Amino acid sequence: MATNKRKFGFWSVVGLVLFTLFWVGLLSGNILWTSDTPPLEIIDDMDNQQKVKAQAPSSFFADGKATRDPVEYTVPRNGTKYNVSLDDADTKNINSIPVTAEVLARGKNRFETMCTPCHNHDGKGNGLVVQKGFANPPSLVRPDAVAYTDGRIFHVISAGQNIMSSYADKLSELDRWCVVHYIRVLQNGGTHPKMTAAPKTEKDNQTTAQAGTAKAASAQ
Amino acid sequence: MFTAKTNQRSKTTILAGLALLGFISIVSYFGFDNAVTDVGYRPEQPIPFSHKLHAGELEIKCMYCHTSVEKSKHSTVPATSTCMNCHVAVKAESPKIAKIKESWETGKPLEWRKVHKLPDYVNFSHARHIRARVDCASCHGEVEKMGVVTQMKPLSMGWCLDCHRNPQANVVPAREISGIFTGLDSYEETAKKIKNESPSRGEGKWIPMKDCAIEGAGVYEHEVGKASVAGLVMPKKLALGPENCGACHY
């Protein structure tokens, strides 16, 4: 009787310790394991509704895709499908986007996102993807490219060139013009040729001046 | 019938029953929490695609592939053509690329498995969060360090509200690797603004909802940045996320 009782006590203590360790580990908020099986849903309420979802499969269509390809000759609702040949690029692509601080900021952001993998941050090529085996693109700041019209650069982004594919699906028309403006900044060594004063510092000066006067006023 | 052991047995039975009940209640209370069931979900994808290599080492921004994230509710998985932008030349003969090539030639999409799933009655918009300069890592963890994408956050409602109520402490500000457009602010300035300037709970401009049966319903007003050119994507002013039910469940 006495030995039985002791055994029972020993195993319950071991069990309790393991049990506590297990839950303390689990509830400490860190992943203790990963799983390939989808999360458990005991009561799935309306979590999974029978509707067409973005990029989901669909049994309704023969090809099994819920996302449909556009019908032939479809044009985007805002903008046009790019359909200009290289010969017409200089004359048909007209850059009507004004050079402003926001446009240049946007151009920089899109350039850093879409172009730097190959063209690098300075536009001279030899980006990180090129180092992995992609063809090295010619420098964007070479005199040849500086002489290109805005329309010609726009054409290269929109239609692609050599091994570079079209970026019309990734960059909207406006974004492409912003990138063109930013390439001019790179070619001109940090400032856009059409922009003499840097508006950002000007604006900053204004706001600091305003804040200064407001502070002075409140002090009085 | 009743031996001397009966007393002992009944005591043991009661104790065991109580222990079992305790175990079941603890498991059902904590065990089915989203943090336990959802976090750590790591499905095997059709292709051993590594974010660690592409985003981490090659520094390709999140938005190079997930382009629709700032314009749409959904952050779309890229089309096969996006993979082929580089893989026409890079490692074109690798057996790991074979499935992409096949998809490229046949036009049949790859069947990626969805990792982060919200219930279908939640209207989560990626664009709103990206334009408020909330980084991808706030909800997805540091994906650029993951070989296989794993769910790192519970994505439960309580967890959503943590950020909506107290963004300074919980939001990861836009980082360079994500490629989020921060307007005229640099990434450092954005981080500073989120830490210092975003209002804490009760400080935002609260617009109560008119003619609503639910007491206390309303929205925090967000000031949208004005672009000098119409159609230009501009980041929103950093502000507190809405807390009323109708903001996400509509």
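The values are calculated or read from the model by the stated rules, or taken from the named source; none is laboratory data. The structure presented is a predicted model; accordingly, all values stated were derived computationally and were not measured. Counting neighbours? That spans all protein chains shown, and the Cβs are built from the backbone with ideal geometry, glycine included. Side chains are part of the model used for accessible areas, which takes the heavy atoms of the whole protein and leaves out ligands, DNA and RNA. Shrake-Rupley method; radii C 1.70, N 1.55, O 1.52, S 1.80 Å.
Could you list, ordered by first residue, the pairs with Cβ atoms under 7 Å in which the first is in the stretch B:1-19 and open to solvent by 100 Å² or more (accessible area, probe 1.4 Å) and the second is assigned to a loop (DSSP other than H, G, I, E, B), at least 6 apart or interchain?
none
Wholly within the stretch B:34-122, which helices (runs of 4 or more DSSP H) include no fewer than the required count, namely at least 3 residues that are closer than 20 Å to B:E142 by Cβ? Break it down into steps so the answer makes sense when it comes.
Working: elements: B:34-37, B:62-65, B:80-87, B:98-106.
Filter on the stretch B:34-122 gives B:62-65.
Report yes if some residue within the stretch B:192-207 is of a type in the set (A, V, I, L, M) and at pLDDT 90 or above; otherwise report no. Break it down into steps so the answer makes sense when it comes.
Here is the first cut: in the stretch B:192-207, the ones of a type in the set (A, V, I, L, M) are B:194, B:207.
Now drop any that are not at pLDDT 90 or above, which leaves none.
Checking the stretch B:192-207: not a single residue is of a type in the set (A, V, I, L, M) and at pLDDT 90 or above.
Does B:K71 satisfy the criteria of being within 25 Å of A:G64 (Cα to Cα), more than 15 Å from the chain's Cα centre (by Cα), more than 8 Å from chain A (Cβ to nearest Cβ) and open to solvent by 30 Å² or more (accessible area, probe 1.4 Å)?
Numbers: within 25 Å of A:G64 (Cα to Cα): no; more than 15 Å from the chain's Cα centre (by Cα): yes; more than 8 Å from chain A (Cβ to nearest Cβ): yes; open to solvent by 30 Å² or more (accessible area, probe 1.4 Å): yes.
For B:K71, the condition - within 25 Å of A:G64 (Cα to Cα), more than 15 Å from the chain's Cα centre (by Cα), more than 8 Å from chain A (Cβ to nearest Cβ) and open to solvent by 30 Å² or more (accessible area, probe 1.4 Å) - is not met.
Anything in the stretch B:73-131 that is touching a helix residue (DSSP H, G or I) at 6+ places or on another chain (Cβ under 9 Å), under 30 Å from B:S156 (Cα atoms) and of a type in the set (F, W, Y)? List them, or say none.
Correct list: B:F124 only.
Just wondering, is there one or more residues in the stretch B:68-80 that are touching a Leu at 6+ places or on another chain (Cβ under 9 Å) and modelled with pLDDT of 90 or more? Outline the logic, then answer.
The first filter runs over the stretch B:68-80 and keeps only residues touching a Leu at 6+ places or on another chain (Cβ under 9 Å), leaving B:77, B:80.
Those still in the list that are modelled with pLDDT of 90 or more too: B:77, B:80.
Yes, the conditions are met somewhere in the stretch B:68-80.
Out of A:L86, A:L40, report the one residue that is among the aliphatic types (A, V, I, L, M), open to solvent by 60 Å² or more (accessible area, probe 1.4 Å) and more than 26 Å from A:H192 (Cα to Cα).
Details: A:L86 fails: more than 26 Å from A:H192 (Cα to Cα).
Unique residue meeting the criteria: A:L40.
Can you name the number of the only condition in (1) within 10 Å of another protein chain (Cβ to nearest Cβ); (2) at pLDDT 80 or above; (3) at negative phi that B:L18 fails?
(1) is the only condition that B:L18 fails.
Six or more apart or on different chains, Cβ atoms under 6 Å: show the pairs whose first residue is in the stretch B:136-153 and touching a residue at least 40 places away in the same chain (Cβ under 8 Å) and whose second is among the hydroxyl-bearing types (S, T, Y).
B:C136/B:S178; B:G147/B:S50; B:T150/A:T34; B:Q151/B:Y41
Scan the stretch B:32-40 and give yes if some residue there is modelled with pLDDT under 90, more than 19 Å from the chain's Cα centre (by Cα) and open to solvent by less than 80 Å² (accessible area, probe 1.4 Å), otherwise no.
As a first pass, look at the stretch B:32-40 and keep what is modelled with pLDDT under 90: B:32-40.
Then drop every residue that is not more than 19 Å from the chain's Cα centre (by Cα), which leaves B:32.
Keeping just the survivors that are open to solvent by less than 80 Å² (accessible area, probe 1.4 Å) gives none.
No, because not a single residue in the stretch B:32-40 is modelled with pLDDT under 90, more than 19 Å from the chain's Cα centre (by Cα) and open to solvent by less than 80 Å² (accessible area, probe 1.4 Å).
Restricting to the stretch B:91-126, count the residues that are open to solvent by less than 40 Å² (accessible area, probe 1.4 Å) and over 26 Å from A:T37 (Cα atoms).
Here the count works out to 3.
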